[in-house]
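**Q** Here it is: the structure, laid out below.
No value in this document is a laboratory result; all are computed from the given coordinates. Quick caveat, the model's predicted, so the values are computed rather than measured. A quick note on method: Cβ atoms are made from the backbone with ideal geometry, for glycine too, and the neighbour counts reach across all protein chains shown.
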Amino acid sequence: MIMLKKLISVRETLLLGVVVSLALLIATRFPGFIAPGNLANVFNDTSPLIILALGQMIVIVARCIDLSVAANLALTGMIVAMLNTMMPGLPVVVTLTIAVAIGAFLGAINGIFVWKLEIPPIVVTLGTMTIFRGVIFLISDGKWVNAHEMSESFTSFPRMELLGLPALSWIAVLVAIAIWLLVTRTPMGRSFYAAGGNPHAAVYTGIDVGKTQFFAFVISGALAGLTGYLWVARYAVAYVDIAGGFELEVVAACVIGGISIAGGIGTVAGAILGALFLGVIKNALPVINVSPFWQLAISGAAIVVAVTLNARANKTKGRVILKNAEHAQ
Amino acid sequence: MQKTESLSEATPILSLSGVSKVFPGVRALDQVKLDLYPGQVTALIGENGAGKSTVVKVLTGIYQPEEGEIQLDGVSTTFPTAHHASDAGITAIHQETVLFDDLSVAENIFIGHAPRTRFGLIDTNRMQAKAQTLLDGIGAEIDPSVRLRDLGIANKHMVAIARALSIDARVVIMDEPTAALSHKEIGELYELVEQLKSQGKAILFISHKFDEIFEIADRFTVFRDGQFVSDGKLADTNESELVKMMVGRSVDQIFPKRKNAAGEQVFQVTGYAHPTEFDDINFSLRQGEILGFYGLVGAGRSELMQSLIGITTPSKGVCKIEDEIVIIRSPADAISNGLVYVPEDRGKQGAVIGLPIFQNVTLPSLGQTSHRGFLRMAEEFKLAREYTRRLDLRAAALDQDVGELSGGNQQKVVIAKWLATQPKVIILDEPTKGIDIGSKAAVHEFMSDLAAQGLSVIMVSSEIPEIMGMSDRAIVMREGRIVAELEGKDLTPETLVRHAAGIKET
């Protein structure tokens, strides 16, 4: 009962309604848009954003932010691509494991700075974002790794179909389930909410806030690494600037999905719907002949509306606290 | 009134009469009067909760009284906003200075009323010069161009005072100005107060320390439970009389304390010390006992408790629970050893707003409600239901957001959270601070129940009636040390205040 209520809370229902009506609206101009095959394409296309938004959600819920996800993705992608050119026979499972491990390691670097040195996350990840991009340049000499240098098994994995959906989509689904289990059903998941919602109180309940945030960065990093391989393999190219600026789209998906930048509030459904909202807009506008510039304006407007709604929700909360403060002498 | 008194003394600059301020469930001020005379220091004396801070907020226009009259120079007036009060020449210097760390000294002094050039821009040169004049005037050797952050606390106070003078203050309110000052700095503050007096300003001095009051004040006003008790000249009274006025009331009827036969010793602290916060702490606690910790704000009680549960590390000392030496390095260690701490600032340190009630309750008990790394929702509900029911929590549902509850009910959630860990010793830091009388009674009732069921309670409180009414035994701390352990007929309001304030027996 409770889980059901959680899954379809007011905010997520509203967002789901918006995404569905957006798709229907587009269907009035271009009926093919809501054909199952096309919807599956849209989902597949949005999968990298969904995976990254789920990691970012945990980081934001723990009252941090990870701006280095796109750079992490690009660096991990470059490393696995170069590895593939050197060892074309490496099984995909090994490549996946390496990608996740590298991503987690890069995330752990962020986490260590936040945990042990208590540097604000925005500063740490702004720094590592630039460093990661710089490292790609160093290891690749600024050269591209092109499709013909990659092995067939490396590039074909994300497109491998199972029950009508490509592996990329299936991975997004699996990640969503795993993250949902993690945040709703494990003590660690609960500690993200406690550490982000009220860090002072969390300390007294025996939660190590810094360590909790460290793990949030490791998870976000691991998912960025995973996406790094999938991205490079799907587009069959790796270079310094892949997914440039994508971190902002990830944060935007979270904000639209009702994840509070102040920490402590956010759901898996919200992150997914936020990402899908952006995905639908991105895929629909070109088909109905709307200039891609509108896409930016619409995503921007959605962020402002989402933040306004969140701010209003927080306002009522603030008043309750103030009333208590008034009692105090 | 004597004929020889000067005219200026006969008419107060500022005078409150019959002033009341009501909050839901509490009369914070009830028909109080307060007169502030030019060139005199009036000490406002009262326990915590007597209404001192409320009266300061009324004087500075932050609160609007429901009843009564404020007279400025004999003319009735009101202060609908803080701005009106400051225009009337009333300024307050708070315990923690309300200044801006990253602005310069001159900017801090003139913020909001900086001298302007013809074009409406801030006239930096004139501001610096005026700031220098003001600082020289109070004998402070501070360069007005330095950043405030680079000054010590005493000099920050000087800046606050210069700011007070810059708006041509006639009434200066000092709310525990010495709380953070060293001995030498206090001396400098006294000189400054003398200077303000000689300039004919009226000063309201709020302090818990009697030696300071007798050193510096000319008159006194005593409040108790939001009511005016007495006022007059300090020369006509003494410490004992003031203490009696402060605490004089019968306390037994409002507290549900039952006498328990104290059981075995469960908790013992020996030789606890911290480099800067406390030293030489020894005490023990029996099963079913409520041990009160009394002291002035800043006596080191909360710091000691936080160290006991592993938030800070003591430099030495041994802690025993049920005859076993325990080493507590983190709150998680404390919880697993059966020692829990309910912090004072529940807004900040208590409930996690955004999580539902049941998840707040189970937060420290996640080990108990999870199985092979996964949480069991049904067990979480069971635990939460059991403990919130015992506390008579009023909530629509257990999955309601804790932020939607009233203060008293949030308090219950926080206490339920700790009880659910099944502790042996529970430390309650100011358990009823800032909650209404009805909830207070419920918390007291419950505390008695806990003790009767064999839980040992340490209650840190700054409210004398609470200490008197609830504790079996009370420890008084002053300046980081235990100065008294009181029990039975030795435990009286007078002895508590005496030891806490460091007054010698007369």
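**Q** At a Cα cut-off below 13 Å, give the aspartates and glutamates reachable from A:K116, other chains included and same-chain residues fewer than 8 away excluded.
**A** The qualifying aspartates and glutamates are A:D208.
**Q** For region B:268-388, list log₁₀ I(q)/I(0) at each q in 0.11, 0.14, 0.18, 0.20 Å⁻¹, using the Debye formula over Cα point scatterers of equal strength and ignoring solvent, two decimals each.
**A** Each listed q corresponds, in turn, to -0.48, -0.74, -1.07, -1.20.
**Q** Among the GluC sites (Glu not before Pro) within region B:54-157, which fall in a DSSP loop and have no more than 15 other Cβ atoms within 10 Å of their own Cβ?
**A** B:E66, B:E96, B:E141
**Q** How much FRET efficiency would the formula 1/(1 + (r/R0)^6) give for B:T117 and B:D168, where r is the Cβ-Cβ distance and R0 is 22 Å, rounded to 0.05?
**A** My answer for the efficiency is 0.55.
**Q** Ranked by Cβ crowding within 10 angstrom, fewest neighbours first, how are B:M470, A:M86, B:M245 ordered?
**A** Neighbour counts put them in this order, fewest first: A:M86, B:M245, B:M470.
**Q** Provide the percentage of antiparallel DSSP beta bridges, counting only those with both residues in region B:417-506; round to the nearest 5.
**A** That works out to approximately 55 percent antiparallel.
**Q** Among B:V159, A:V280, which comes first, second and so on when ranked by fewest other beta-carbon atoms within 10 Å?
**A** Going from sparsest to densest Cβ surroundings: A:V280, B:V159.
**Q** Something else about it: Please work out the Cα center distance from region B:143-182 to region B:456-506, rounded to the nearest Å.
**A** 33 Å
**Q** Averaging sequence separations of C-alpha pairs under 8 Å and six or more residues apart, then dividing by the length of chain A, give the relative contact order as a whole percent.
**A** Relative contact order of chain A: 32 percent.
**Q** Once you treat every alpha carbon in the protein assembly as shown as an equal point and sum by Debye, what is log10 I(q)/I(0) at q = 0.05, 0.09 Å⁻¹?
**A** -0.37, -1.02
**Q** With bins 10 Å wide starting at 0, give me the P(r) of region A:128-236 over every alpha carbon pair, in whole percents.
**A** 12, 30, 27, 21, 9, 1
**Q** Given a cut-off of under 8 Å on Cα pairs at least six residues apart, what relative contact order in percent is computed for region B:350-422?
**A** That works out to 49 percent.
**Q** Roughly what percent of Cα-Cα pairs across region A:2-327 reach past 30 Å?
**A** 35 percent
**Q** Moving to a separate point now. For the pair B:D333 and B:E479, how long in nm is the line joining their label points, each one 7 Å along Cα→Cβ?
**A** In this crude spin-label approximation the distance works out to 3.1 nm.
**Q** By average Cβ neighbour count within 10 Å, what is the ranking of B:302-309, B:484-491, A:127-134 from highest down?
**A** Final packing ranking: B:302-309, A:127-134, B:484-491.
**Q** OK, next. Taking R0 as 35 Å, what's the FRET efficiency between B:E69 and A:A262 from their Cβ-Cβ distance, rounded to 0.05?
**A** Plugging the Cβ-Cβ distance into 1/(1 + (r/R0)^6) gives 0.20.
**Q** Something else about it: Is the C-alpha gyration tensor of chain B telling us rounded, prolate or oblate? Criteria: a/c under 1.5 is rounded; beyond that, a/b larger than b/c is prolate, otherwise oblate.
**A** In terms of gyration-tensor shape, prolate.
**Q** What percent do you get for the relative contact order of region A:31-176 when only Cα pairs under 8 Å and 6+ apart count?
**A** 35 percent
**Q** Please identify the trypsin sites (Lys or Arg not before Pro) of region B:307-346 that satisfy two criteria: DSSP loop assignment and at most 11 other Cβ atoms within 10 Å. Which are they?
**A** B:R329
**Q** Still on this structure: Mean-square fluctuation check for chain A, GNM, Cα pairs under 10 Å: which of A:I303, A:I207, A:I136 is largest?
**A** Among A:I303, A:I207, A:I136, the largest GNM mean-square fluctuation belongs to A:I207.
**Q** Please arrange A:T155, A:T308, B:T421, A:T76 by how many other C-beta atoms lie within 10 Å of their C-beta, fewest to most.
**A** Listing A:T155, A:T308, B:T421, A:T76 from fewest to most nearby Cβ atoms yields A:T308, A:T155, B:T421, A:T76.
**Q** Could you work out, for region A:1-107, what percent of all Cα-Cα pairs fall into each 10 Å distance bin, beginning at 0 Å and stopping at the bin that holds the largest distance?
**A** It works out to 12, 27, 28, 25, 8, 0, in whole percents.
**Q** Based on the alpha-carbon gyration tensor of region B:309-453, what equivalent-ellipsoid semi-axes (square roots of 5 times the eigenvalues) come out, in whole Å, largest first?
**A** 25, 20, 14
**Q** Of the DSSP beta bridges with both residues in the protein assembly as shown, give the percent that are antiparallel, rounding to the nearest 5.
**A** Here the antiparallel bridges make up roughly 55 percent for the protein assembly as shown.
**Q** Right, here's the next one. In nm, to one decimal, how far is the modelled label at B:D449 from the one at A:V287, with both set 7 Å along Cα→Cβ?
**A** 6.1 nm
**Q** Describe numerically, in nm with one decimal, the distance between label points set 7 Å from Cα along Cα→Cβ at B:D490 and at A:A40.
**A** In this crude label model, B:D490 to A:A40 measures out at 8.4 nm.
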